1. Where Lys and Arg each count +1 and Asp and Glu each count -1, what net charge lies around Ser270 among other residues with Cβ under 12 Å from its Cβ?
2. At 1.4 Å probe size, with every protein chain present, just tell me what the per residue accessible area of the chain comes to in Å².
3. Can you divide the C-alpha Rg of the chain by 2.2 N^0.38 Å and report the result to two decimal places?
4. Roughly how tilted is helix 207-220, in degrees to the nearest 10 and between 0 and 90, from the longest Cα axis of the chain?
5. Quick one: net charge around Val225, please, counting Lys, Arg +1 and Asp, Glu -1 for every other residue with C-beta under 10 Å from its C-beta.
6. Run the reach check for Lys182 against aspartates and glutamates, Cα to Cα strictly under 13 Å, same-chain hits fewer than 8 apart removed. What comes back?
7. When the accessible area of the chain is split by element with a 1.4 Å probe, what percent falls to carbon and sulfur?
8. How large is the Rg to Rh ratio of segment 1-103 when both quantities use alpha carbon positions and Rh follows Kirkwood?
Amino acid sequence: MDPKELPSILRDDKISVETNKLISSLLSRTDSQGQKLCKYQGCWYYYNTLQGVLNFQSGFQPQDTDIILASYPKSGTTWLKALTVALLERSKNHSYSSDDEHPLLYDNPHGIVPCLEMDVYHESSSPNLAKFSAPRRKFSTHMPLHAMEETLKHSPCKIVYVCRNVKDTLVSWWFFLCAVLKIEQSRGILESLFESFCNGTIYYGPFWEHLLSYWRASLEEPKHVLFMRYEELKAEPRHQIKRLAEFFGCPFTKQEEESGVVDKILDLCSLRNLSSLEVNKTGSRNDVDHKDYFRKGEVGDSKNYLTPEMEYKIDMIIQEKLQGSGLKF
Ligand code: PAP
């Protein structure tokens, strides 16, 4: 594929001279798709993303009311963004009907909640953040928590991490990557992604360090970091959305519960509803079609694609890496 046709996150055309110098001192590798990755502060990034991370680290000034939605890619980010937007929007008394001016009806959740390193700080360490002011600034990130710790030091901002069964995450990655690169979905690509996933040298990997960075912080500072699971959101959405609302300091009132607001929000943010909206059927941003953020959304779908040997290897890695942490799958 012509490098200019790649989504911008996979390219290396936004790198400053200093970052180039830094990269030359870092561990680097080329992934199975031919894209260059380097390891910075323990995490693997494509070069443009690294530039965004560095811009963020040097320029971001947190506000106390900021909300940061964090995840390992393909773990439920789009859903968490939609739920967060809907929760914070509800003070505006939406009707949730088709003539409503609810932002989720007019934009993809990724357009409403931009990613710090891939959108906001992609090009500069001093972007104009004025448009993100009301009512609370909402950002997302795929950085591990340790990449943000220095920048967010002493900030009481709210960080929500959504995690997902890593096998489903891997399979979701495979589908997404092939869709974005517009290449055929071959077993060969799944197998090479699997290898990278297992040895940790994958975009934003190793996944276990990612998970553990947020898991530990959620235990140490539960008012600052909330740890959620995709599977729990699927199994008990009403309970989980209430947890999220409480964490943000805007719990549902009795009146809201009685008038069905919880269910309206869940319905608005459902995969079925979001994927059927015109903006998500036809729109795109950062060279990614909105429709590619929505697929099956099923728990355990990886069983249909991973061999028992692959599953076993992942299980063993999880057992070894998460041992003693209290985090289980
Ligand atoms: P991202 O990291 O690129 O933002 P992310 O949203 O985290 O992707 O993950 C995409 C997965 O969430 C897809 O899973 P699948 O490949 O196993 O199907 C997608 O279908 C699922 N997803 C997206 N929106 C929703 C939603 N509203 N409810 C449930 N699952 C969703």
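1. Details: positive: Lys234, Lys264, Arg272; negative: Asp263, Asp267.
Within the 12 Å Cβ shell, the charges total +1.
2. Numbers: 15020 Å² over 329 residues.
Solvent-accessible surface per residue comes out at 46 Å².
3. Values: Rg = 19.3 Å, N = 329, 2.2 N^0.38 = 19.9 Å.
After normalising by residue count via 2.2 N^0.38 Å, the value is 0.97.
4. So the inclination is approximately 40 degrees.
5. Charge balance in the 10 Å sphere: +1.
6. Filter leaves Asp2, Glu5, Asp287, Asp289, Asp292.
7. 49 percent
8. Computed over Cα atoms, the ratio is 1.10.
The values are calculated or read from the model by the stated rules, or taken from the named source; none is laboratory data. The structure displayed is predicted, hence computed values, not measured ones. Neighbour counts run over all protein chains shown; Cβ positions are idealised from the backbone, glycine included. Please note that ligands, DNA and RNA were not included when accessible areas were found on the heavy atoms of the full protein model with its side chains. Shrake-Rupley method; radii C 1.70, N 1.55, O 1.52, S 1.80 Å.
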